[in-house]
Structures are given as C-alpha cells and as structure tokens.
1. Can you pull out the residues in segment 1-15 that are touching a residue at least 60 places away in the same chain (Cβ under 8 Å) and either within 13 Å of the chain's Cα centre (by Cα) or assigned to a helix (DSSP H, G or I) (or both)?
2. Is it true that Ala93 is part of a helix (DSSP H, G or I) and touching a residue at least 24 places away in the same chain (Cβ under 8 Å)?
3. Working carefully through the options Ala69, Ala53, find the one that is aliphatic (A, V, I, L, M), closer than 29 Å to Pro25 by Cβ and part of a helix (DSSP H, G or I).
4. Any chance segment 34-45 includes a residue that's assigned to a helix (DSSP H, G or I), at pLDDT 95 or above and of a type in the set (Ser, Thr, Tyr)?
5. Is it the case, given these coordinates, that Val100 is at pLDDT 95 or above and either exposed (fewer than 14 other Cβ atoms within 10 Å of the Cβ) or in contact with an Asp or Glu (Cβ under 8 Å, 6 or more places away or on another chain) (or both)?
6. Leu72 passes all but one of (1) crowded, with 21+ Cβ neighbours inside 10 Å; (2) free of Cβ contacts under 8 Å to residues at least 60 places away in the same chain; (3) under 15 Å from Leu44 (Cα atoms); which number fails?
7. For segment 16-32, which positions are assigned to a helix (DSSP H, G or I), surrounded by 13 or more Cβ atoms within 10 Å (Cβ to Cβ) and free of Cβ contacts under 8 Å to residues at least 40 places away in the same chain?
8. If I ask for residues that are free of Cβ contacts under 8 Å to residues at least 40 places away in the same chain and of a type outside the set (A, V, I, L, M), which ones from segment 33-50 would you list?
Amino acid sequence: MTIIVAVALAAVFLLSGATKVLPIPASLAGRDELGVPAAAWSLLGAAEVAGAAGVLIGLSVRPLGIAAAIGLVLVGLGGFVAHRRVQDPWAKAVPAVVAVLLATATLVLLSIGR
C-alpha cells in the first residue's frame, strides 16, 4: 500500500513541479493569477521535483521519505492557502487538497513502517 500511495504522490508532484520549472503556458498563467514571482515559482517547482524524488528514495531510506512527505504536505498546504488568498473558487484548490491528502497518507504509512 505504501508503494502505491508514494508513487501516486511522487507522480502528482513531479508533474506539478515540472510544469513550474518548464515554461508551460498554463502554469505561467496560474502563477500570474496567484501573484507568485517568477523566481519563486521556479524554486517551488524544483522543491516539488526534489520532494517527489525524496519520497521515492524514501521507500528505501525511510527518514528521507518522511522528511520529503512532510515537505510536500507543507507545499500542498501553501498551494491551498495561495488559492484561498486570491479567492479562487474552491474547485481550483482541489488539486492542492488532493496533494495534501496524498502526502499525509504517505507520511503516515512511512512513519508506521507499512
């Protein structure tokens, strides 16, 4: 179960991070709607990619996986807050909520050793 949830989490953040690091027009539009500076957007994308890698490596090195999952929970919460700050419709915050739930599930599973 841990592997499935961790791989799903890594896929979500790898895709999200890649769209922020690469000049994907839809991602740039989202950045502008949220009012995030370009440099911060790129750093956020790099952190998401690193977190995804950390979770996957963490399947073998559990402390790294736990640390990465904690970081991704925080990134997801930040995304949710960013959407609410600009009063986006709740539907636009759903991906952040899903990311937080996946990251939390991964964190719990890695922490209990399952």
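1. Within segment 1-15, Thr2, Val5, Ala6, Ala8, Leu9, Val12, Phe13 qualify.
2. no
3. Unique residue meeting the criteria: Ala53.
4. For segment 34-45, residues assigned to a helix (DSSP H, G or I), at pLDDT 95 or above and of a type in the set (Ser, Thr, Tyr): present.
5. no
6. That leaves (2) as the condition not met.
7. The answer is Gly17, Ala18, Thr19, Lys20, Val21, Ser27, Leu28, Gly30, Arg31.
8. Across segment 33-50, the qualifying residues are Pro37, Trp41, Ser42, Gly45, Glu48.
The values are calculated or read from the model by the stated rules, or taken from the named source; none is laboratory data. Here the structure is a predicted model, which means the values were calculated and not measured. Virtual Cβ from ideal backbone geometry, glycine too; neighbours counted across all protein chains shown.
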